[in-house]
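What follows is a short report on a single structure.
Computed from the coordinates by the stated procedures, all read-outs in this text should not be read as laboratory data. Note that the coordinates shown come from a computational prediction; the quantities given were computed from them, not determined experimentally. Cβ sites come from the backbone with ideal geometry, for glycine too, and all protein chains shown count toward neighbours.
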Amino acid sequence: MKLTLNGKPKELPEIMSVEKAIAHWQPEAEKFAVAVNGEFVPRGSYADTLLQANDQVELLSPIVGG
């Protein structure tokens, strides 16, 4: 299944949840926000939100500053 992750083409072996896709792409990822097709996905919805072919996924890391 082809989709876009942070502006780059990616593939997943099957339709899967945001939660499983994150584990597939970044198994050691910590804190970040997720948007699918420009819509923010709440952390509590990662397991229930299924990615589809041609989705545009953004993983956004927090920016630390002072």
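Some notes on this structure:
- Test for Ala35: is it under 11 Å from the mean Cα position of the chain (by Cα), at negative phi and of a type in the set (Gly, Ala, Ser): yes
- Selection of the range 11-66 for residues being acidic (Asp, Glu), exposed (fewer than 15 other Cβ atoms within 10 Å of the Cβ), in contact with a Ser or Thr (Cβ under 9 Å, 6 or more places away or on another chain) and closer than 20 Å to Met1 by Cα yields only Asp48.
- Single residue of the range 1-10 satisfying the filter (surrounded by 14 or more Cβ atoms within 10 Å (Cβ to Cβ) and more than 10 Å from the chain's Cα centre (by Cα)) that is nearest to Gln56 (Cα to Cα): Leu3
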